[in-house]
Amino acid sequence: MRALIQRVSQASVHVDGERIGAIDQGLLALIGVERDDTPERAEKLLHRMLNYRIFGDDQGRMNLGLSTTRGGLLLVSQFTLVADTRKGLRPGFSSGATPEDGERLFDHLVECARKAHDTVETGRFGADMQVSLINDGPVTFMLES
């Protein structure tokens, strides 16, 4: 499982012109689910997302995690994160989870996130979404479990 996390001052996701999720200061996490992912990997990734130290402390150093700053978490499924782009001019998706498995594991991640963190918003799995964000920094990391 992969998460492209971005520290944001705000982010939102729209489907068919309707805003379905939005946060202010916090993390936007684009989530890719691979074929061999498990609920345990999702939980490990969530722990890293909530505790990855990318927010500034009193001295401006990246020493604080989202669980400390209590910012928002916007989770958006994005199957293209697991694409194989090593050769050719077209991405390959053979390592990606099936849509059913991907949705099940994404939903598990969301459920665990809502139990562990106060402000959790989401996109809609499998939908054509428009994601808007203001990347704070910019600060962007790829996390894998």
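The values are calculated or read from the model by the stated rules, or taken from the named source; none is laboratory data. Only a predicted model underlies this, so the values are computations on that prediction, with no experimental measurement involved. A quick note on method: Cβ atoms are made from the backbone with ideal geometry, for glycine too, and the neighbour counts reach across all protein chains shown.
Take the conditions (1) at pLDDT 95 or above; (2) out of contact with any Cys (no Cβ under 8 Å at 6 or more places or on another chain); Gly60 misses just one of them, which is (1).
Looking at the range 98-129, which of the residues that are touching a strand residue (DSSP E or B) at 6+ places or on another chain (Cβ under 6 Å) and assigned to a loop (DSSP other than H, G, I, E, B) is surrounded by the fewest Cβ atoms within 10 Å (Cβ to Cβ)? The selected residue is Ala127.
Look at Met129 and say whether it is at pLDDT 95 or above and under 23 Å from Arg53 (Cα atoms).
On the way: at pLDDT 95 or above: yes; under 23 Å from Arg53 (Cα atoms): no.
In short, no.
The residues of the range 8-28 that are buried (at least 21 other Cβ atoms within 10 Å of the Cβ) and touching a helix residue (DSSP H, G or I) at 6+ places or on another chain (Cβ under 9 Å), listed by number, are Gly26, Leu27. Against the criterion of being in a strand (DSSP E or B), in contact with an Asp or Glu (Cβ under 6 Å, 6 or more places away or on another chain) and at pLDDT 95 or above, Asn135 does not qualify.
Those residues that are out of contact with any His (no Cβ under 6 Å at 6 or more places or on another chain), among the aliphatic types (A, V, I, L, M) and either farther than 11 Å from Arg2 by Cα or assigned to a strand (DSSP E or B) (or both), I need them from the range 66-82; list them, please. If the condition is that a residue be out of contact with any His (no Cβ under 6 Å at 6 or more places or on another chain), among the aliphatic types (A, V, I, L, M) and either farther than 11 Å from Arg2 by Cα or assigned to a strand (DSSP E or B) (or both), then Leu66, Leu74, Leu75, Val76 are the ones that fit.
Within the range 17-27, the set of residues being under 12 Å from Met129 (Cβ atoms) and in contact (Cβ under 8 Å) with a residue 24 or more places away in the chain comprises Ile20, Gly21. Only residues that are under 19 Å from the mean Cα position of the chain (by Cα) and loosely packed, with under 13 Cβ neighbours inside 10 Å were counted in the range 59-69, giving 0. Each residue in the range 28-63 was checked for being more than 17 Å from Phe106 (Cβ to Cβ), free of Cβ contacts under 8 Å to residues at least 60 places away in the same chain, out of contact with any Asp or Glu (no Cβ under 8 Å at 6 or more places or on another chain) and not hydrophobic (A, V, I, L, M, F, W, C), and 8 of them qualify. Asp136 satisfies every condition listed in (1) over 25 Å from Asp16 (Cα atoms); (2) in contact (Cβ under 8 Å) with a residue 12 or more places away in the chain; (3) surrounded by fewer than 13 Cβ atoms within 10 Å (Cβ to Cβ); (4) charged (D, E, K, R) except (3).
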